[in-house]
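A.B. asks: Handing you a structure now.
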Amino acid sequence: MLQVPDTRHGPSPDLDERETLIAFLDYNRETVLTKLDGLPREALLQRVASSRTTLLGIVKHLIHVEERWFVAAIGGAPMRARNPDDRDAEWLVDEDETAADLATRYRVMWARSNEIARAASLDEHRRRADRPGTDLTVRWILVHMLEETARHAGHADILRELIDGPTGD
Amino acid sequence: MLLVTDRLIIPDTRGDTPADRDERETLIAFLDLYRETVLVKLDGLDGEQLSRRLLPSRTTLLGIVKHLVLVERWWLSTVIGGEPETPDDPDDPDAEWLITAADSPEPVVADYRAACAHSNELARAAGPLDARVPGPHRPDRTVRWVLIHMLGETARHAGHADILRELIDGRTGD
């Protein structure tokens, strides 16, 4: 059973644009992980609707999202190819991927993402991760990562509530 | 439960968020995207579906929109704009989540759109993003903090709407 102590604190109001975005992003990343706290593996892999969305699947997906947008789009590393037969394969959790491993991988990935975000200027242009040929600013990518992570935190809220009832921030 | 049998129609008018805007306009563009995303999740549903409770909590698709109207009024109109606070029901501070016969979907949607348009006016008139808000309610917050908070909160509720919609009729998607 995964234990995720809630160590979140609200973003400070005294930060500049980049650091405010990173602070809110960190808050939402942590929120996703706190939604996993205290659940056994079968609950973390429980589907509540017809789609593949599960609590642990959200974490695995977000690791890939961080890699695509920070490491590849902002950092310039080659984009890891998606499975052409199943572009959503990253939602499926392998048997040998434990919840603790995925939580650690997510934390390591977001620390790397933050370093990459701090090394770029927000007005610099980058190629889109999802639509080659289109330009985006680093600002756009950071704001996009915040909303995408918050939206998945919303999915996690509802999954957790359907699995065992708790609600909360 | 609402017995409105007409289906609510919300055409999907969302486009790409522009890639070359400054900080304020980027935040407003993403906020608009998510406000519209929440509404698109209601498209094609009748009153019973929009007010159907599928969770232990009071969350429903129409309740999310009613709640977000108050969130817009609190953070933008009151905290940033300095307008009077909309008082909570003293007996039930979360009363907006309950759907009553008075909550016809179309007026709720119109209310939300009007609140969002007013919010954008206030966000554009609010002065520098790193300035403290003028109102007495959250004097330590900056305009930037409030706008980014609003984006996170609206996107998270859009996530709630995603799953509720999927549970109601199987529709998924952006």
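A.B. asks: Being more than 19 Å from the chain's Cα centre (by Cα) and within 8 Å of another protein chain (Cβ to nearest Cβ) is the filter; apply it to the stretch A:16-50 and report the residue that is nearest to B:Glu153 (Cα to Cα).
C.D. replies: Selected residue: A:Glu17.
A.B. asks: Among what's in the stretch B:1-56 and is within 14 Å of another protein chain (Cβ to nearest Cβ), part of a loop (DSSP other than H, G, I, E, B) and among the charged types (D, E, K, R), pick the residue that is nearest to B:Ala101 (Cα to Cα). First the steps, then the outcome.
C.D. replies: We begin by selecting, within the stretch B:1-56, every residue within 14 Å of another protein chain (Cβ to nearest Cβ); these are B:14-38, B:40-41, B:52-56.
So of that shortlist, the ones also part of a loop (DSSP other than H, G, I, E, B) come out as B:14-22, B:41, B:52-56.
If we keep only those that are among the charged types (D, E, K, R) as well, we get B:14, B:16, B:20-22, B:41, B:52-53.
On the way: B:Arg14: 30, B:Asp16: 37, B:Asp20: 45, B:Arg21: 42, B:Asp22: 43, B:Lys41: 21, B:Arg52: 13, B:Arg53: 15 Å.
Checking each candidate, the answer is B:Arg52.
A.B. asks: Please tell me if A:Thr54 is buried (at least 20 other Cβ atoms within 10 Å of the Cβ) and of a type in the set (Ser, Thr, Tyr).
C.D. replies: Yes, satisfied.
A.B. asks: Listed residues B:Gly63, B:Gly127; which is of a type outside the set (Asp, Glu) and in a loop (DSSP other than H, G, I, E, B)?
C.D. replies: The match here is B:Gly127.
A.B. asks: Kindly indicate the residue of the stretch A:11-49 that is touching a helix residue (DSSP H, G or I) at 6+ places or on another chain (Cβ under 7 Å), small (Gly, Ala, Ser) and outside any helix (DSSP H, G or I) and also surrounded by the fewest Cβ atoms within 10 Å (Cβ to Cβ) among those meeting that condition.
C.D. replies: This residue is A:Ser12.
A.B. asks: Could you identify the single residue in B:Ile148, B:Ile168 that is of a type in the set (Val, Ile, Thr), in contact (Cβ under 8 Å) with a residue 40 or more places away in the chain, facing chain A (nearest Cβ under 8 Å) and in a helix (DSSP H, G or I)?
C.D. replies: Among B:Ile148, B:Ile168, only B:Ile148 is of a type in the set (Val, Ile, Thr), in contact (Cβ under 8 Å) with a residue 40 or more places away in the chain, facing chain A (nearest Cβ under 8 Å) and in a helix (DSSP H, G or I).
A.B. asks: B:Asp174 versus (1) at the interface with chain A (Cβ under 8 Å from one of its Cβ atoms); (2) surrounded by fewer than 20 Cβ atoms within 10 Å (Cβ to Cβ); (3) closer than 29 Å to A:Glu161 by Cα: which is the lone unmet condition?
C.D. replies: So the condition that B:Asp174 fails would be (1).
A.B. asks: Taking the stretch B:8-52 as the search range and keeping residues that are in contact with a Pro (Cβ under 9 Å, 6 or more places away or on another chain) and under 22 Å from A:Leu136 (Cβ atoms), which one is surrounded by the fewest Cβ atoms within 10 Å (Cβ to Cβ)?
C.D. replies: That would be B:Glu25.
A.B. asks: Across the stretch A:74-93, what is the total count of residues that are within 21 Å of A:Trp110 (Cβ to Cβ), part of a loop (DSSP other than H, G, I, E, B) and either touching a Leu at 6+ places or on another chain (Cβ under 9 Å) or at pLDDT 85 or above (or both)? Quick ask: steps written out before the conclusion?
C.D. replies: Within the stretch A:74-93, the subset within 21 Å of A:Trp110 (Cβ to Cβ) is A:74-80, A:82, A:90-91, A:93.
From what is left, the residues that are part of a loop (DSSP other than H, G, I, E, B) are A:75-80, A:82, A:93.
After this cut, where a residue has to be either touching a Leu at 6+ places or on another chain (Cβ under 9 Å) or at pLDDT 85 or above (or both) as well, the list is A:75-78, A:93.
Residues that pass the stated criteria total 5.
A.B. asks: Same structure, new question: Looking at A:Asp6 and the list (1) surrounded by 14 or more Cβ atoms within 10 Å (Cβ to Cβ); (2) touching a residue at least 12 places away in the same chain (Cβ under 8 Å), which single condition is not satisfied?
C.D. replies: If we test A:Asp6 against (1) surrounded by 14 or more Cβ atoms within 10 Å (Cβ to Cβ); (2) touching a residue at least 12 places away in the same chain (Cβ under 8 Å), just (1) comes out false.
A.B. asks: Let me ask another. Looking only at the stretch B:131-144, filter to residues that are within 7 Å of chain A (Cβ to nearest Cβ) and modelled with pLDDT of 90 or more; which one of those is nearest to A:Phe24 (Cα to Cα)?
C.D. replies: Filtering the stretch B:131-144 for residues that are within 7 Å of chain A (Cβ to nearest Cβ) and modelled with pLDDT of 90 or more, the one nearest to A:Phe24 (Cα to Cα) comes out as B:Arg144.
A.B. asks: The conditions are (1) closer than 25 Å to B:Leu147 by Cβ; (2) at the interface with chain B (Cβ under 8 Å from one of its Cβ atoms); (3) in contact (Cβ under 8 Å) with a residue 40 or more places away in the chain; (4) part of a helix (DSSP H, G or I), and A:Ile141 fails exactly one of them. Which is it?
C.D. replies: Here A:Ile141 clears every test but (2).
A.B. asks: To continue, here is another question. Which residue, of B:Ala95, B:Ala131, B:Ala155, is free of Cβ contacts under 8 Å to residues at least 12 places away in the same chain and either in contact with a Gly (Cβ under 9 Å, 6 or more places away or on another chain) or closer than 29 Å to A:Gly10 by Cβ (or both)?
C.D. replies: B:Ala95
A.B. asks: For the stretch B:151-163: of the residues being within 7 Å of another protein chain (Cβ to nearest Cβ) and aliphatic (A, V, I, L, M), which is farthest from B:Ala123 (Cα to Cα)?
C.D. replies: Looking at residues that are within 7 Å of another protein chain (Cβ to nearest Cβ) and aliphatic (A, V, I, L, M), I get B:Ile163.
A.B. asks: Any residue that is of a type in the set (Gly, Ala, Ser) and within 16 Å of the chain's Cα centre (by Cα) - is there at least one of those in the stretch A:123-132? I'd like the intermediate steps shown before the answer.
C.D. replies: The first filter runs over the stretch A:123-132 and keeps only residues of a type in the set (Gly, Ala, Ser), leaving A:129.
Among the residues that remain, those that are also within 16 Å of the chain's Cα centre (by Cα) are: A:129.
Yes, that holds for at least one residue.
A.B. asks: Right, next: Give B:Thr78, B:Thr5 a once-over and let me know the one that is β-branched (Val, Ile, Thr) and over 28 Å from A:Arg139 (Cα atoms).
C.D. replies: Of B:Thr78, B:Thr5, the one residue that is β-branched (Val, Ile, Thr) and over 28 Å from A:Arg139 (Cα atoms) is B:Thr5.
A.B. asks: For a quick check of your reading of the model, give me the residue pairs whose first member lies in the stretch A:150-162 and is at the interface with chain B (Cβ under 7 Å from one of its Cβ atoms) and free of Cβ contacts under 8 Å to residues at least 12 places away in the same chain, whose second is acidic (Asp, Glu) and crowded, with 24+ Cβ neighbours inside 10 Å, with beta-carbon atoms closer than 8 Å and at least 6 apart or on different chains.
C.D. replies: What qualifies is A:Arg151/B:Asp162; A:Gly154/B:Asp162.
A.B. asks: Condition test on B:Glu23, is it modelled with pLDDT of 95 or more, among the acidic types (Asp, Glu) and within 18 Å of B:Ala114 (Cα to Cα)?
C.D. replies: No; evaluated as a whole, the condition is false for this residue.
The values are calculated or read from the model by the stated rules, or taken from the named source; none is laboratory data. Given the structure is predicted, the values throughout are model-derived calculations rather than measurements. All Cβ positions, even for glycine, are placed from backbone atoms using ideal geometry, and neighbour counts span all protein chains on display.
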